[in-house]
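Student: Below: one structure in structure tokens.
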Amino acid sequence: MQLKKYIHWKVAQVTCLTLFLSFSYGREKHSTRGQNVAGKAAATRPEKAFYNHTTNNNWMAVTNYGGYGDPNSPSTGRPSAQWPGGSGNNYLYDAGLWIGTEIGGQPAVTTYFYSPDQEWLPTVGFPGELGSQVNGKSAKSIEDSYVVFDDIDERPESNHTPIGLKVFQQGLTWSLPTYDDFIVFEYKIVNTGLNGDLEDVFVSFWYDIDVASSDDTEPHIDDLVDYDGWDGVDSNTDILDVVDPMDLDNDGLTGYDEYGIPYLKDQPQNPNYNPSKAEQDGFYDEWAIILDPNGDTLQWQADVEELGRVAGENAVLDDGTVLIGYLYPRIMSYIYDGDNPGSSSNDYGEREKSPTNEGFLGGQIIYTDAGKQITEENGKSYMGGYSHQWWNWESDPGTDKDKLDYIKGQHAASQGKKFLNNPLELGYPQFDYRFLLSTGPFNIPENDTIKVVFAVVCGTGLRDLRANAENAVIAYYSGSDCTPMDPCDFDQGSHWALPIPPSVPLLSYSPISGGMNLVWDNSAESFYDDAQGVNDFKGYQVYRATYGPQDWELIAAFEKNSTRAGSYVVNINGDTLNQKDSDGNWIMATLPEVTNTFSDTGFVTPWGDTVSAPVYGLPYYYCVSAYDSGHPDAGLAPAFSPLSNYNKSAGNAPIPVFTKNLYETGDTQPALSDVLVVPNPYLGTAKWEAQYEDRIMFKNLPGLCKISIFSLSGDLVDEITHTDGSDIEYWDLITRNNQSVVSGLYIFVVEDGQNKHVGKFSIFR
């Protein structure tokens, strides 16, 4: 089917509500049956708002009305499952929380779905928060979000039947290695009593994922969807236990292809296929083994039969050390790029794009109050999901009955399966899919509460996705006496006992002649680690990036000295590099007491690396990270504050900074003949365009001048008046008639009132 491109232009907004544009990457995903209007209590409700998690490697905008991501991310700059963080590569179109049940025998499903079915509203008295302090308490993670929303108002525009629920949602993110590729959401769901006691309630996570969103044509059209988990019946969706998936026998053969995708047992092209190795590790791939983070590695599972051990059971080493292993079923839906599903390489991701799209995006249920859904023949029971469903954008459920049927796996398209197979296995092609991962049923008496923990996870291939999802589980049970085999909710005991780094320094930077000057405060130096009971601040690391806030380059590091003024200069390996005076005392680097300063003008580091000066005309970003000393006795390495203090707009979009040229006041100014166009030629697919809107830069301009742009035929394309006194000016490649310019050769004329200069540049789309 040939899809058409739709653009819905935004009209004037006359209410305080946020109006989503029906615009995304070249196609319309839903019908607009009407605009959202305020409910009965709208006058007293907080305004709809976004809160942008950007401290980790999986950036996500969160609403205070049940949604995640932003379908208008390309225009708003809000991250929408942007992975890696700062890349501009958003994997998510839209997502939201669904809760379904029956009221008076009739289906009732409250959704965050395509307009107008955004049926949650911000709750009175809870405006939403983001930061290190939320809900009047210290954050559980490095950056928490806290929002509250409910469905107690009637919403006639969506034919909504209120269930009477209030949702307390807390988002958690960390910048720590191993724990930075996921975002966790804790949910307390309260029955307000609007409809009395509630029975058979289901909590569902709806995600419309578009892999390869940097492709501005039809990025969504070649996706595939699957479930990674055990459904407790013979119709398991994804049994891939033919070879040792985690190389537990340490022979180097895992059964994964070059992109981390496991081969199917009936694929003869699998170079590692060996029927004798089936289930060698003692458990299906749909199960996970997690050890105490302070324990040994998974290698204790090697040669299970020889060791006389059972996968998932505690192992006792020769010295009596007990390794605590948890065996539990995976509960994760995920979507990935299916460009070439018939190939043995199991291709995924638009790797020819810049940035590449090599990721899988999944949703993992970490904890649910719904009880243990899976029971084996041996009588053991496990926490599990209720259903996994998917559909394409041509089959969005329209009524509450349709939505509830999908939740329960009873829709006609479900084919009688609560856990749907991969579309290819059911005869469907790669396309634009959503998944709906559900847990339940819950019985919620009036004024009672249920709890669910859900993680949004990214990874390169299924192998990496699984590893990151399991790291989210490890993080949840860190500090807890519970295990996935004996789960407990987040209000029972301690959870999330991960190291917290010093606070993020308040950083500002500005261009100087031939470089950049950085200034940051010393707030991190007074950071008190509650977990360790000490002030363990250690030092700073200074980073620089070009084109976008990613691929950070460490250009300087300073270790504070607690007894003398100044700092130790250290290399990346922690060696002290200061010189000593004639008496053998360290010569301290000078960093002021209140504020810290550093000038990036190009230099050779004390550890021998050459750091080139910023190049005039290129966009730069800077970060300063504070780090602690770590705690070797507790097995904790130094923790670093996230690389998040670069310049941003009000909408959280990265703002580049450009160094000044080498001309100072009083120096000889550049002649008009020095005016250049950068880049020239302009290439629409260049790395520059991965982060910026279409534009070129005129550089070496006089402070006041006029720039005229002509086609080769002499037609005036556009005219720019440059008056800000700087030596640069941008052109957005839009003509004076508000049209995008076409490929070709163009002439520019620069006039300063006395002289004139003529040049040329090329554009290739």
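What follows draws every value from the coordinates through simple rules; no lab data is involved. Note that the structure is predicted; figures quoted are calculated from it, not measured. With ideal geometry, Cβ positions are generated from the backbone for all residues, glycine too; neighbour counts draw on all protein chains shown.
Student: Amide H of Tyr93 versus every other amide H placed in the peptide plane: which residues, excluding those fewer than 5 positions away on the same chain, fall under 5 Å?
Tutor: Asp208, Ile209, Asp210
Student: Shifting gears a bit: Please find the FRET efficiency linking Thr399 to Thr375, where r is the Cβ-Cβ separation and R0 is fixed at 35 Å, and quote it to the nearest 0.05.
Tutor: 0.55
Student: In a shell of Cβ-Cβ distance under 14 Å around Thr721, excluding Thr721 itself, what net charge do Lys and Arg (+1) and Asp and Glu (-1) give?
Tutor: -4
Student: Can you compute 3J(HN,Hα) from phi for each residue in region 554-559, using the Karplus curve 6.51 cos²θ - 1.76 cosθ + 1.60 with θ = phi - 60°, rounded to whole Hz and x for Gly and Pro?
Tutor: Listing the rounded values in order: 6, 10, 6, 9, 9, 10 Hz.
Student: Which entries in Lys137/Lys403; Lys372/Lys401; Lys648/Lys760; Lys538/Lys699 show an alpha-carbon gap greater than 31 Å?
Tutor: In this structure, Lys137/Lys403; Lys648/Lys760; Lys538/Lys699 lie more than 31 Å apart at Cα.
Student: Determine the gain in length on full extension of the stretch Ser762-Asp551; use 0.36 nm per residue of separation and subtract their C-alpha separation, reporting nm with one decimal.
Tutor: Contour length minus Cα-Cα distance gives 73.0 nm.
Student: Oh, and also: Obtain the nm distance between the two label points defined at Val657 and Leu704 by a simple spin-label model: each point lies 7 Å from its Cα along the Cα-to-C-beta direction.
Tutor: 2.9 nm
Student: Taking R0 as 45 Å, what's the FRET efficiency between Gln415 and Ser480 from their Cβ-Cβ distance, rounded to 0.05?
Tutor: So the FRET efficiency works out to roughly 0.70.
Student: Another one. Once phi is turned into ³J(HN,Hα) by the Karplus curve 6.51 cos²θ - 1.76 cosθ + 1.60 with θ = phi - 60°, what whole-Hz value does each residue of region 76-91 show in order, with x for glycine and proline?
Tutor: 8, x, 6, x, 9, 6, 7, 9, x, x, x, 7, x, 9, 8, 9
Student: By how many nm would the segment from Leu426 to Arg695 grow when fully extended, if each residue of separation counts as 0.36 nm and the alpha-carbon distance is taken off?
Tutor: Additional length available on full extension: 92.3 nm.
Student: Using a Förster distance of 45 Å, how high is the FRET efficiency between Thr449 and Gln739, based on the Cβ-Cβ distance and rounded to 0.05?
Tutor: E between Thr449 and Gln739, to the nearest 0.05, is 0.20.
Student: A follow-up question, please. Tell me which residues come under 5 Å, amide H to amide H, from Ala556 once H is placed; ignore anything under 5 positions away on its chain.
Tutor: Val542
Student: Let me ask something else. Once both labels are modelled 7 Å past Cα along the beta-carbon direction, what's the Glu199-Asn535 spacing in nm?
Tutor: Between Glu199 and Asn535, the simple spin-label model gives 6.1 nm.
Student: Given axes a ≥ b ≥ c from the Cα gyration tensor, I'd like to know whether region 383-451 is rounded (a/c under 1.5), prolate (a/b larger than b/c) or oblate.
Tutor: The shape class here is prolate.
Student: Run the paramagnetic zone check for Ala49: 7 angstrom along Cα to Cβ, then residues of region 133-157 with backbone nitrogen under 14 Å.
Tutor: 133-136, 145-149
Student: Once both labels are modelled 7 Å past Cα along the beta-carbon direction, what's the Leu618-Ala671 spacing in nm?
Tutor: Label-label distance for Leu618 and Ala671, simple model: 2.8 nm.
Student: Right, something else. Output ³J(HN,Hα) for region 390-399: one whole-Hz value per residue in order, computed from phi by the Karplus curve 6.51 cos²θ - 1.76 cosθ + 1.60 with θ = phi - 60°, and x for Gly and Pro.
Tutor: My calculation for region 390-399 gives 8, 7, 9, 5, 8, 10, 4, x, x, 10 Hz in order.
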